[in-house]
2 protein chains.
Amino acid sequence: MDKRTMILDAMATLVREGKGNTASVSDIAKTACIAKGGMYYYFRSKEEVLDALVARQYDSILPLFRQMAQRGENALQKLRHLIGVYHQQVADPDLDHYLHLPQNAAIHQKSLTHILNSIALPLADILRQGVEEGVFHCEDCLSVAQIFLSAFVFLFDPGLFDRPEDTALQQLQALSLIMERSLMAPPDSFRFFWDEKEWERGTSGL
Amino acid sequence: MDKRTMILDAMATLVREGKGNTASVSDIAKTACIAKGGMYYYFRSKEEVLDALVARQYDSILPLFRQMAQRGENALQKLRHLIGVYHQQVADPDLDHYLHLPQNAAIHQKSLTHILNSIALPLADILRQGVEEGVFHCEDCLSVAQIFLSAFVFLFDPGLFDRPEDTALQQLQALSLIMERSLMAPPDSFRFFWDEKEWERGTSGL
């Protein structure tokens with residue numbers, strides 16, 4: 001394992017143990033079993049380590065999306081997969097908690113834009129496939145993907161908007177209807193966003 | 001004028017002069033013509049002053065929205081007004097520049113959620129009026145308003161996403177089509193988002 005990876009793994013361990021905030025550069029070096037001086041060869045500060053950890057976390061989903069894109073599924077099946085992967089891979093509760101501290105706002109903000117930019121491309125590809133299959137209609141699928149994602153990424157971020165559970169459900173229902181109507185998709189195409197039974201039914205064969 | 005207002009005005013002046021970042025608490029007090037000790041009675045830190053300044057800026061639009069709501073205009077006319085007020089009042093380039101510095105990310109983030117929450121209510125009222133007038137269709141108008149606004153507030157924030165001008169235009173066109181289709185509104189209802197001629201035509205009588 002290269003030293004850069006060791007440092008990022010150490011930072012991830014510290015965040016998982018709830019020590020992300022209090023850990024010093026020395027603590028990170030110690031956890032990574034490397035000399036503190038060696039750390040500065042890779043990162044100039046603790047912020048840079050956190051920044052790189054966040055980027056690694058989000059970049060790790062890109063190969064999964066590429067794999068997904070090559071499967072012989074239809075657009076709606078792929079969309080379910082995309083959302084499943086997003087929930088499993090992106091939503092790391094430990095890292096999330098740490099990013100929501102005010103002092104990490106700059107990195108948090110960067111992580112939200114990073115994730116939107118990363119997922120917009122595969123989502124646009126799925127929308128274009130849906131257009132070919134005749135289930136979706138969109139002219140500028142990339143812009144449409146970015147707009148839908150801005151609701152997912154920002155409005156649904158628990159650190160930005162503290163919503164009671166029924167508000168979250170209502171917003172998901174509204175978003176599924178906005179997507180259905182604006183993509184002129186078959187009725188209830190996006191019901192799985194909020195209806196657990198519908199989600200299980202659709203993903204049971206995955 | 002009360003001292004709190006004097007402090008906020010001083011902070012606004014410093015931001016306008018490009019000194020927001022370097023100004024100390026003493027500089028703020030000096031500009032406000034009050035004793036430094038007196039400042040701490042109102043604010044514990046410079047961050048608190050900035051925070052209050054941002055809140056004041058955004059809260060100043062609420063009375064304008066209330067006035068607007070009472071006029072005898074139809075929903076589409078009110079929507080134009082709302083967007084006009086938003087652009088004139090919210091988009092303060094000096095404050096904006098300052099908020100986009102990494103060290104102000106926490107306040108910037110708070111300001112974005114603040115603005116979304118403030119505008120969602122009047123926008124939802126306009127949508128409901130449109131439903132009554134038979135031009136819009138939405139079941140849960142508040143959620144719909146929040147979702148549309150998350151694109152406006154986050155995706156269109158120049159500090160979060162650095163977009164070339166043609167991308168900005170494409171996204172505005174896509175958003176106007178998403179809103180039109182999902183609200184089942186008459187064709188080109190939201191064309192004024194991106195078509196300047198359409199904007200001037202519709203607002204010439206305002």
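Here's the yes/no breakdown for (1) touching a residue at least 24 places away in the same chain (Cβ under 8 Å); (2) crowded, with 18+ Cβ neighbours inside 10 Å; (3) among the polar types (S, T, N, Q); (4) more than 30 Å from residue A:196 (Cα to Cα):
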position: A:26; (1), (2), (3), (4): no, no, yes, yes
position: A:34; (1), (2), (3), (4): yes, no, no, yes
position: A:65; (1), (2), (3), (4): yes, yes, no, no
position: A:87; (1), (2), (3), (4): no, no, no, no
position: A:100; (1), (2), (3), (4): yes, no, no, no
position: A:115; (1), (2), (3), (4): yes, yes, no, no
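Scanning segment B:166-195 for residues that are small (Gly, Ala, Ser) and either surrounded by 19 or more Cβ atoms within 10 Å (Cβ to Cβ) or not in a helix (DSSP H, G or I) (or both) yields B:174, B:176, B:182, B:185, B:189.
Exactly one residue out of B:30, B:78 is within 30 Å of residue B:141 (Cα to Cα), part of a helix (DSSP H, G or I) and of a type in the set (Lys, Arg): that is B:78.
Within segment B:121-134, is even one residue away from chain A (no Cβ under 14 Å), outside any helix (DSSP H, G or I) and open to solvent by 20 Å² or more (accessible area, probe 1.4 Å)? Looking through segment B:121-134, at least one residue is away from chain A (no Cβ under 14 Å), outside any helix (DSSP H, G or I) and open to solvent by 20 Å² or more (accessible area, probe 1.4 Å). Remark: residue A:76 falls outside the filter, which requires a residue to be open to solvent by less than 40 Å² (accessible area, probe 1.4 Å) and modelled with pLDDT of 85 or more.
For segment A:91-98, indicate whether the set of residues that are more than 27 Å from residue B:108 (Cβ to Cβ) and aliphatic (A, V, I, L, M) is non-empty. Spell out how you get there, then give the answer.
Filtering segment A:91-98 down to residues more than 27 Å from residue B:108 (Cβ to Cβ) leaves none.
No, segment A:91-98 contains no residue that is more than 27 Å from residue B:108 (Cβ to Cβ) and aliphatic (A, V, I, L, M).
Within segment A:166-176, the set of residues being in contact (Cβ under 8 Å) with a residue 12 or more places away in the chain and either at the interface with another protein chain (Cβ under 7 Å from one of its Cβ atoms) or among the polar types (S, T, N, Q) (or both) comprises A:171, A:173, A:175, A:176. Residues of segment A:106-113 include at least one that is part of a helix (DSSP H, G or I), within 30 Å of residue A:50 (Cβ to Cβ), facing another protein chain (nearest Cβ under 9 Å) and more than 14 Å from the chain's Cα centre (by Cα).
Applying the condition of being within 8 Å of another protein chain (Cβ to nearest Cβ) and part of a loop (DSSP other than H, G, I, E, B) to segment B:139-165 and asking which residue is nearest to the chain's Cα centre (by Cα) yields B:160.
The values are calculated or read from the model by the stated rules, or taken from the named source; none is laboratory data. This structure is a prediction, so every number in the text was calculated from the model and none was measured. All Cβ positions, glycine included, derive from the backbone under ideal geometry; neighbour counts span all protein chains shown. Ligands, DNA and RNA are excluded from the accessible area calculation, which covers all protein heavy atoms including side chains. Shrake-Rupley method; radii C 1.70, N 1.55, O 1.52, S 1.80 Å.
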